[in-house]
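What follows is a set of notes on a single structure, which appears directly below.
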Amino acid sequence: MSEPARILANQGFHAPGPVDFFLPDFTGKSWNQSGYDTLLTKASVLLVFGAVLAYLFLAFTSRRGAVVPTKGQYLGEQAYSFVRNGIGQDIIGPKYMKYVPLLVSIFFFVVINNLFGIVPVLAFSPFSRVSFAYGLALLVWIIYNGVGIMDKGLLGYLKHATVPAGVPVAILPLLIPLEFLSNILVRPVTLSLRLFANMFAGHLLLILFSTGGAYLLIHATGSPVLKPAGVLAFALGVAIGFLEVVVALLQAYVFTLLTAQYISGALASDH
């Protein structure tokens, strides 16, 4: 072990890890080795708060509908148009308007909850907990499969999702299970893990550089390079904070885009 590492270990520095994402609930219960037995945590409250903020933003920016828009109305209209035209119309096609409310709701819900991770005091993104990402992906899975079943019927949709067009019959026994696994079973997992992994990694880096920088500046002694290293860690933490804004927006866009793609695939006439 190097000398700086030995100094940090001796002083009791706690390196951040997955356990830091298991927040105590408001009754004092917390995670322990036997499991995570809690009632209501900060992450759960933030998830609901994010939904309320998304509703209030859309309601506030669209309530007047003036011919000459205010700044707030203009911001809301541009954000709405971005999702409606750039995702809904471009991906789903002629039937897109039916699904615009869903896409707009998902986009703003995800982006607001993602941005919570860099807001002082809140400082936590609910989607850095995989269970929340799984829940949202499950909702999308139910919707796009339901859309396909309503459009083609159950058997017709299963054929559409599992039998590629123009493929020789001889290899269908091999392809059908793979297509079913890919299009029906795996999609919600990959959709949720993409969102979760990005938010988890970003939040973990923020914890690492902020707590590590503070420890180096306040507690660590024994080497003249530790204080400058603490300043550098804080600077990197600030840079990662700005990067997290980009990641939060990008992951909301990707999640909404994939939702539109899955709905478009369910409605497509050809596989």
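Here, each number is a calculation from the coordinates, and none is a lab measurement. These figures come from a predicted structure and were not determined experimentally. Neighbour counts are summed over all protein chains in view; Cβ atoms, including those assigned to glycine, are modelled from backbone coordinates with ideal geometry.
Miscellaneous remarks
- Placing unit charges on the Cβ atoms of the charged side chains and taking the dipole of the chain about its Cα centre, the candidate lying farthest along the positive direction among VAL121, SER131, PHE82 is PHE82.
- The chain: DSSP helices with Cα axial extent of at least 20 Å and average Kyte-Doolittle hydropathy no lower than -0.5: 42-62, 100-115, 130-152, 187-218, 226-267
- Loop-located trypsin sites (Lys or Arg not before Pro) across region 55-157 with a Cβ neighbour count of 12 or fewer within 10 Å are ARG63, ARG64, with loop assigned by DSSP.
- Net charge in the neighbourhood of LEU193 (other residues with Cβ under 14 Å of its Cβ; Lys, Arg +1, Asp, Glu -1) is +3.
- Note on VAL246/VAL167: beta-carbon distance plugged into 1/(1 + (r/R0)^6) with R0 of 45 Å gives a FRET efficiency of 0.65.
- Residue separation of HIS219 and LEU56 scaled by 0.36 nm, minus their Cα-Cα distance, works out to 54.3 nm of gained length.
- Calculated SAXS-style log₁₀ I(q)/I(0) at q = 0.07 Å⁻¹ - the chain, Debye, Cα scatterers: -0.37
- Region 87-165 versus region 222-245: alpha-carbon centroid distance in Å: 37 Å
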